[in-house]
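**Q** Have a look at the structure that comes next, please.
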Amino acid sequence: MPATSAAPERLFSMAGNMMTKKRSRLTCDSKEDLVYLHEVWPQVREWETVKKMRLEYFFLESMKHITFNVFSFPVSGGLVKGHS
C-alpha cells in the first residue's frame, strides 16, 4: 500500500463522513461542492477578517485628517454656525 499525505486522508475522511442516511439524496455535484467549501471556507474567513481590519485601519487613518467644529451643524441650506 503506497504512503499518502495527511491532506488527502483528511479529505477522504471528511467526504466519507458526509455520506449518511440523511444526506443520501445529495447528488455527486452537491457533494463535490460541499467538499470544496469545507476546504476553502477557512481561507475565505481569514481573507474577510484581513479585509475588515484593513478597512478599519484606512477609516481610522482618514479620520485623523478630519476636524469637527462642535458649534457647526448641517442644515438643508448649508452650515449654520451655532452660538458659542
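The values are calculated or read from the model by the stated rules, or taken from the named source; none is laboratory data. Fair warning: this is a prediction, and the values are worked out from it, not measured in the lab. No Cβ is skipped: glycine too gets one built from the backbone with ideal geometry, and neighbour counts run over all protein chains shown.
**Q** Could you list, in sequence order, all residues of region 33-84 that are modelled with pLDDT of 85 or more and among the aromatic types (Phe, Trp, Tyr)?
**A** Scanning region 33-84 gives Tyr36, Trp41, Trp47, Tyr57, Phe58, Phe59.
**Q** May I pose another question? Could you tell me which residue of region 1-22 is modelled with the highest pLDDT, considering only residues that are closer than 19 Å to Glu39 by Cα, out of contact with any helix residue (DSSP H, G or I) (no Cβ under 8 Å at 6 or more places or on another chain) and part of a loop (DSSP other than H, G, I, E, B)?
**A** Result: Ser5.
**Q** So Leu11 clears everything in (1) in contact with an Asp or Glu (Cβ under 8 Å, 6 or more places away or on another chain); (2) loosely packed, with under 10 Cβ neighbours inside 10 Å; (3) hydrophobic (A, V, I, L, M, F, W, C) except one condition, right? Which one?
**A** (2)
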